[in-house]
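A.B. asks: One structure, pasted below without further comment.
The values are calculated or read from the model by the stated rules, or taken from the named source; none is laboratory data. Small disclaimer: the values here were computed from a predicted structure and weren't measured. Positions of Cβ are backbone-derived with ideal geometry, glycine not excepted, and every protein chain shown enters the neighbour counts.
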Amino acid sequence: MNSYVLRPTPPNPAAATAPQVQRRAGAVYLDPHLSMVRSVLPQTTQGCQECLQSGSPWLHLRLCLTCGHVGCCDSSPSRHARLHALGIGHPIVRSFEPGEDWRWCYVDEIYL
Ligand SMILES: [Zn+2]
Ligand SMILES: [Zn+2]
Ligand SMILES: [Zn+2]
């Protein structure tokens, strides 16, 4: 009596990537942190504020859209943008790189 059937589960690439809520056609995921976005002026244009003080290198820059803090990205050694976002509670940043205008929420970890 062979009561079980070997049925391999096919890989589902859609489930392995981003949450489904972002993928519904026509519906935009409304991040609750968007209410914290202000029209800010960058506090510096020279680079990551903390890295400038400590003399550390950085790779890319992120602009806090709540207070204008400029910090370095997750590919940088110190990740000051993430520290600022999660430490102070300003989760939404915009890329501070020339030609890039995407926004990112450090809490939900999604592009906005
Ligand atoms: Zn969020
Ligand atoms: Zn930094
Ligand atoms: Zn901030």
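A.B. asks: Identify, please: which residue in the stretch 51-65 is surrounded by 19 or more Cβ atoms within 10 Å (Cβ to Cβ) and not basic (K, R) and is, among those, farthest from ligand 2 (Cβ to nearest atom)?
C.D. replies: Across the stretch 51-65, the extreme among qualifying residues is L65.
A.B. asks: Suppose we filter the stretch 84-105 for residues that are in contact with a strand residue (DSSP E or B) (Cβ under 7 Å, 6 or more places away or on another chain) and either modelled with pLDDT of 95 or more or under 18 Å from Q49 (Cβ atoms) (or both); how many remain?
C.D. replies: Total satisfying the criteria: 14.
A.B. asks: If you don't mind, there's one more thing I want to ask. Could you give me the residue pairs with C-beta distances under 6 Å whose first residue belongs to the stretch 27-38 and is more than 13 Å from R103 (Cα to Cα), whose second residue is modelled with pLDDT under 95 wherever it lies, and which are 6+ apart or on separate chains?
C.D. replies: Filtered contacts from the stretch 27-38: Y29/V21; Y29/Q22.
A.B. asks: Where the second residue is crowded, with 22+ Cβ neighbours inside 10 Å and assigned to a loop (DSSP other than H, G, I, E, B) and the first is free of Cβ contacts under 8 Å to residues at least 24 places away in the same chain and of a type outside the set (K, R) and lies in the stretch 46-64, which pairs have Cβ atoms under 6 Å and are six or more apart or on separate chains?
C.D. replies: The qualifying pairs are W58/C48.
A.B. asks: Only one of these is farther than 23 Å from D108 by Cβ and either within 14 Å of ligand 1 (Cβ to nearest atom) or part of a loop (DSSP other than H, G, I, E, B) (or both): G47, G68. Name it.
C.D. replies: When all the criteria are applied, what remains is G47.
A.B. asks: To continue, here is another question. Restricting the search to the stretch 91-106, which residues are part of a loop (DSSP other than H, G, I, E, B) and either surrounded by fewer than 17 Cβ atoms within 10 Å (Cβ to Cβ) or within 11 Å of ligand 1 (Cβ to nearest atom) (or both)?
C.D. replies: Matches in the stretch 91-106: P91, E97, P98, G99, E100, D101, W102, Y106.
A.B. asks: Condition first: in contact (Cβ under 8 Å) with a residue 24 or more places away in the chain and not in a helix (DSSP H, G or I). Now tell me which residues in the stretch 79-90 satisfy that.
C.D. replies: H90
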